[in-house]
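Take a look at the structure below.
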Amino acid sequence: MHKEPPLSKVFYRPIEAAIRWAGLLRYKASILASIASPRCLPQTLDCPRWNECRLYSERIYDGILNSELPFGKNGITLNDPELVSSPDLTIRHVDLKRWMRTHYPEHRPGFLFSRSERMAHPSITLETGQAILLERQALQAALDHSRREMRKLQAQHEALLKQSAVLLASKQCAISDRAETTYLNIIGGMLTLMLGQSPSGVPYSSFKTQEAIVTALLAHYGGTMGITERTLNGKFANARKNVRSAAA
């Protein structure tokens, strides 16, 4: 009965670590039987994800050659350059884990990291990263579109507010001819009465002239809209003219 090799060990040869890193432990025997040198792997092999396995092996040797990854023989760290091309070269589990956490933090292979460690820092594949990037770009485009639409709506809202203010002002200021005649008749009547006197000759008010009334209004309500000397004289003249016309 074939016995599955252990997932984790105290130390590994680079090809053993690469096989585990690529998730190809079940193919370990056939892979080792198909290669002549653990350092010079064939370009192609009848094995799934072989390109990944080759890449991971190259990364491990790259770490060794750049003094990032301690190495030795039979699990004993020696860092002897002559071991680099030796099939007996090994890497300790703890050193490999530390190196991977530092230089390849997005990877969390099961032979080095526990389930809780993988859950705390899930691995992100290239395909997943690309999908996340595309999703982010789509969300950014949607956000930009929403912002443009919001600016258009704000501009329309401001235009409607201005239009509403103009309409409201025009409605407030607009007065019909009938209403204006009514107001002028009332003003004219009151003005005539204030400057007039009773049949017995008693003045109805203390004002002797229209100018005196204008001066009093300016003194008490100067600054109020419409209360100016020119406006008052003009309105009073029209009002008295209207009253005289109506009485004729």
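The values are calculated or read from the model by the stated rules, or taken from the named source; none is laboratory data. Treat the numbers as computed from the prediction; the structure is a model and nothing was measured. Backbone-built Cβ (ideal geometry, glycine too); neighbour counts: all protein chains shown.
Just a few scattered comments:
- Scanning the range 234-244 for residues that are exposed (fewer than 12 other Cβ atoms within 10 Å of the Cβ) and not charged (D, E, K, R) gives a single hit, 234.
- Taking residues in the range 142-156 that are outside any helix (DSSP H, G or I), and partners anywhere that are at pLDDT below 90, not one pair has Cβ atoms closer than 8 Å while being at least 6 places apart or on different chains.
- Scanning the range 1-44 for residues that are more than 21 Å from residue 107 (Cβ to Cβ) and either assigned to a loop (DSSP other than H, G, I, E, B) or touching a helix residue (DSSP H, G or I) at 6+ places or on another chain (Cβ under 6 Å) (or both) returns 1, 2, 3, 4, 35, 36, 37, 39, 40, 42, 43, 44.
- Residue match in the range 31-47 (condition: of a type outside the set (Phe, Trp, Tyr), closer than 23 Å to residue 118 by Cα and surrounded by 20 or more Cβ atoms within 10 Å (Cβ to Cβ)): no
- When the residues of the range 121-170 are filtered to those that are modelled with pLDDT of 75 or more and of a type in the set (Ser, Thr, Tyr), the one that is farthest from residue 106 (Cα to Cα) is 164.
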